[in-house]
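Participant: Quick one: this structure, given as structure tokens, is what I'll be asking you about.
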Amino acid sequence: MFDEEDYLPLSGLQHFAFCRRQWALIHVEQAWAENLRTVEGALLHERVHDLAQSETRGEVRTVRGMAVSSRALGLSGQCDAVEFYRAQEGIPLRGREGRWQPYPVEYKRGKPKTGDCDALQLCAQAMCLEEMLACAVPEGALFYWEIRRRQSVVFDETLRQQVRETSREMHEAYRRRYTPKVKTGAFCKQCSLRELCLPKLCKSRPVAEYIARECEGSP
Ligand code: SF4
């Protein structure tokens, strides 16, 4: 179990799963670079959180910008939206009759990506909700702005184990304040920190080595 002062941002999970170096640059070295994607993403999240703190439409109660945390994972963050549906196995809500099943929804700027980064983040939110509300949260959804569609995500044991493992490794990397070396891939094209990370420059010969070689060749 983690103490509150050791919590890491839950949003870091997707960075860590996407590229550990990117995560370290942001969360260990506090580097940040805005590009079109991050600005659009920030605006989208602001809009989602601003719509209203909560609203009820028919049988669905939606709470926006809900703060969540988990002592077991050592993570804290915010859910874009948590929808509550009437369900026998749900939890009571203050001022409302009946029982309600929480269903987290995370809004993403682009379209569905390959890999589990987004599902991982959503599953971590669900695990936080389970710990805080003492109920099961078996499913949630990712909404992708570019295709204007929801994708449901089932929080199975494999995904949950991946969340626990990623979170554990993230805490370990943070404890060591370790920034991994550059290991580029096609995914770097989507990275907001590409200019800071300078993968090409880092892969080129060090300046000292270049000068030494040139001097060797001189008369
Ligand atoms: S440019 Fe590539 S290696 Fe560097 S932080 Fe971004 S994704 Fe990672």
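The values are calculated or read from the model by the stated rules, or taken from the named source; none is laboratory data. In this text, all values refer to a predicted model and were calculated from it rather than measured experimentally. Note that each Cβ is placed from the backbone with ideal geometry, even for glycine, and that neighbours are counted across all protein chains shown.
Rundown of residues vs (1) touching a Pro at 6+ places or on another chain (Cβ under 6 Å); (2) assigned to a strand (DSSP E or B); (3) among the aromatic types (Phe, Trp, Tyr); (4) over 16 Å from residue 102 (Cα atoms), yes/no style:
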{"position": "123", "(1), (2), (3), (4)": "no, no, no, no"}
{"position": "128", "(1), (2), (3), (4)": "no, no, no, no"}
{"position": "132", "(1), (2), (3), (4)": "no, no, no, no"}
{"position": "140", "(1), (2), (3), (4)": "yes, yes, no, no"}
{"position": "147", "(1), (2), (3), (4)": "no, no, no, yes"}
{"position": "161", "(1), (2), (3), (4)": "no, no, no, yes"}
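Residue-wise test of (1) within 21 Å of residue 79 (Cβ to Cβ); (2) out of contact with any Gly (no Cβ under 9 Å at 6 or more places or on another chain); (3) more than 15 Å from the ligand (Cβ to nearest atom).
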residue: 141; (1), (2), (3): yes, yes, yes
residue: 157; (1), (2), (3): no, yes, yes
residue: 161; (1), (2), (3): no, yes, yes
residue: 188; (1), (2), (3): no, yes, no
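Participant: Does region 15-31 hold any residues that are of a type in the set (Val, Ile, Thr) and either without any contact (Cβ under 8 Å) to a residue 40 or more places away in the chain or buried (at least 18 other Cβ atoms within 10 Å of the Cβ) (or both), and which are they?
Facilitator: Residues of region 15-31 of a type in the set (Val, Ile, Thr): 26, 28.
Within region 15-31, just 26 meets the criteria.
Participant: Moving on. Need pairs with beta-carbon distance below 7 Å; first residue closer than 10 Å to residue 21 by Cα and within region 173-192, second more than 9 Å from the ligand (Cβ to nearest atom); sequence gap 6+ or separate chains.
Facilitator: That search, which allows pairs on different chains as well, returns 179/28; 179/29; 182/203.
Participant: The conditions are (1) farther than 27 Å from residue 4 by Cβ; (2) at pLDDT 95 or above; (3) out of contact with any Leu (no Cβ under 6 Å at 6 or more places or on another chain), and residue 153 fails exactly one of them. Which is it?
Facilitator: (3)
Participant: Which residues, counting only those in region 96-153, are on the phi > 0 side of the Ramachandran plot and without any contact (Cβ under 8 Å) to a residue 40 or more places away in the chain? Outline the logic, then answer.
Facilitator: Going through region 96-153, the residues on the phi > 0 side of the Ramachandran plot turn out to be 98, 115, 134, 148.
Correct list: 98, 148.
Participant: Suppose we filter 52, 33 for residues that are at pLDDT below 90, under 18 Å from the mean Cα position of the chain (by Cα) and of a type in the set (A, V, I, L, M); which single one remains? Spell out how you get there, then give the answer.
Facilitator: Details: 52 fails: under 18 Å from the mean Cα position of the chain (by Cα).
On inspection, the qualifying residue turns out to be 33.
Participant: Name the residue, out of 69, 76, that is under 27 Å from residue 187 (Cβ atoms), of a type in the set (Ser, Thr, Tyr) and in a strand (DSSP E or B). Break it down into steps so the answer makes sense when it comes.
Facilitator: Values: 69 fails: under 27 Å from residue 187 (Cβ atoms).
Only one candidate qualifies: 76.
Participant: Tally time: how many residues in region 143-155 are touching a Gly at 6+ places or on another chain (Cβ under 7 Å), β-branched (Val, Ile, Thr) and surrounded by fewer than 17 Cβ atoms within 10 Å (Cβ to Cβ)?
Facilitator: Residues that pass the stated criteria total 0.
Participant: If I ask for residues that are within 12 Å of the ligand (Cβ to nearest atom) and not basic (Lys, Arg), which ones from region 1-26 would you list? Break it down stepwise before answering.
Facilitator: So in region 1-26, the residues within 12 Å of the ligand (Cβ to nearest atom) come out as 15-26.
If the condition is that a residue be within 12 Å of the ligand (Cβ to nearest atom) and not basic (Lys, Arg), then 15, 16, 17, 18, 19, 22, 23, 24, 25, 26 are the ones that fit.
Participant: Condition first: more than 20 Å from residue 65 (Cα to Cα) and of a type in the set (A, V, I, L, M). Now tell me which residues in region 137-164 satisfy that.
Facilitator: If the condition is that a residue be more than 20 Å from residue 65 (Cα to Cα) and of a type in the set (A, V, I, L, M), then 147, 154, 159, 163 are the ones that fit.
Participant: Going by the conditions given, is residue 117 within 16 Å of the ligand (Cβ to nearest atom) and closer than 30 Å to residue 61 by Cα?
Facilitator: Numbers: within 16 Å of the ligand (Cβ to nearest atom): yes; closer than 30 Å to residue 61 by Cα: yes.
Yes, satisfied.
Participant: Scan region 132-140 and give yes if some residue there is surrounded by 21 or more Cβ atoms within 10 Å (Cβ to Cβ) and of a type in the set (D, E, K, R), otherwise no.
Facilitator: no
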